[in-house]
1. Could you tell me which helices of the chain pass both thresholds, a Cα extent of 20 Å or more along their own axis and a mean Kyte-Doolittle hydropathy of at least 0.5, with helices taken as whole DSSP H runs?
2. How high is the relative contact order of the chain? Use alpha-carbon pairs under 8 Å, at least six apart in sequence, and give a whole percent.
3. Lys/Arg Cβ at +1, Asp/Glu Cβ at -1, dipole of the chain taken about the Cα centre: which of 267, 182, 50 is farthest positive-ward?
4. Dipole magnitude of the chain about its Cα centre, charges +1 at Lys/Arg Cβ and -1 at Asp/Glu Cβ only, in debye to the nearest 20?
5. Using a Gaussian network model of the chain whose springs link C-alpha atoms within less than 10 Å, name the residue from 21, 316, 253 with the highest mean-square fluctuation.
6. Using a Gaussian network for the chain with springs between C-alpha atoms less than 10 Å apart, which of these wobbles most: 208, 54, 238?
7. From the residues 295, 98, 279, which one has its Cα farthest along the dipole of the chain in the positive direction, the dipole being from +1 and -1 charges on Cβ of Lys/Arg and Asp/Glu about the Cα centre?
8. Whole Å is fine, so just give me how far the alpha carbon centre of segment 259-301 lies from that of segment 15-49.
Amino acid sequence: MNSVLLNFLLVVVGFVLLIKGADYLVNGASSLAKRFNVSDIAIGLTVVAMGTSAPELVVNIISGSVQDGGSGANEVVFGNIIGSNIFNIFLILGIASIIYPLTVERNALWKEVPYSLLATFIFFILVNDALFFGADTNSLDVKDGIILLVMFALFLVYIFMNLSRNPEAEVEDIEIHGSLKTTVMIALGIVGLVFGGNLIVENAVTIAKFYNVSDKMIGLTILAAGTSLPELATSAVAAFHKKSDLAVGNIVGSNIFNLLLVLGATAIVHTPLVFTPTLNTDLYIVMIGTFMLFIFMFTLNKYKLDRAEGMVYLIGFVAYSYYLFVREDILPGLF
């Protein structure tokens, strides 16, 4: 029991590192954006998104190494990324927009959000070999991983070609730090997010095992939620400081990073990754959530994710969570 109490304490420490890391990262990234006349959305889509996606990359590479080729590892790898993207869209965007209504830049609406939807659709095709190509099994192999990484490279090229585009809504009262201090703040922020997220995930898994929670549910819930904590902390802090572009760019960028970079790299390092068709339902939810973001830009206030729309996302997340627990026979169904 003493060891479990220590795990609970380490979870608290992890949350402290997470929140402080998010604060450093948001402030450092904002300073970087203004110092070099780079838009907040571009920083959110690259520096911040890569930093907050680091836990997913670490968890996937480690999971594949521990159980290389095993079905348990494959479920963790895919469940972690698909679950994280669902958390990002429904829970994190919902919470962030309730804290402060998020204005979405027109360029992001018409280019980055559709690219995120395209990435999800391409991934859906690549992992459903039996459905689209008549194969015996569904898997993500080296060829698929290369396709995902090429799409990721194209995304980076597009972002760097548009680094200095003018943001449509300037954020006031941003302190511009020196180059060294800005670099240190961003680095400390990413370190805090990664270590804080890992502390929470590792100790939450230990606590769950102590209470006999199954490995499958740990992968589908705790790991997906835990690796999304950096995105939650960063977007919530960004929304609190009224930095909409960082909050939205972080989520859209993280989802693109997760699908294209993390799964692309994981597929090459640990190939092939066998895909369970049951997860197609979860992929549909990712696509629906991304499309909802596009639709919400033309309801209520144009180009803004309002609090009411954030509530719709949160209700959707609760409904999905209930469905997930019913699917895993943890809760009884209503019908």
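The values are calculated or read from the model by the stated rules, or taken from the named source; none is laboratory data. Please read these numbers as outputs of a predicted model, since none were measured by experiment. Positions of Cβ are generated from backbone atoms using ideal geometry, with glycine treated the same way; all protein chains shown enter the neighbour counts. Each accessible area value is taken on the protein alone, full model and side chains, heavy atoms only, with ligands, DNA and RNA left out. Shrake-Rupley method; radii C 1.70, N 1.55, O 1.52, S 1.80 Å.
1. Qualifying helices, which must be both long enough and hydrophobic enough, are 2-35, 49-66, 71-86, 113-127, 142-161, 179-210, 280-296, 307-327.
2. Contact order relative to length: 42 percent.
3. Looking along the dipole axis, the top candidate is 182.
4. Value, rounded to 20: 560 debye.
5. 316
6. The residue that fluctuates most here is 208.
7. 98
8. 24
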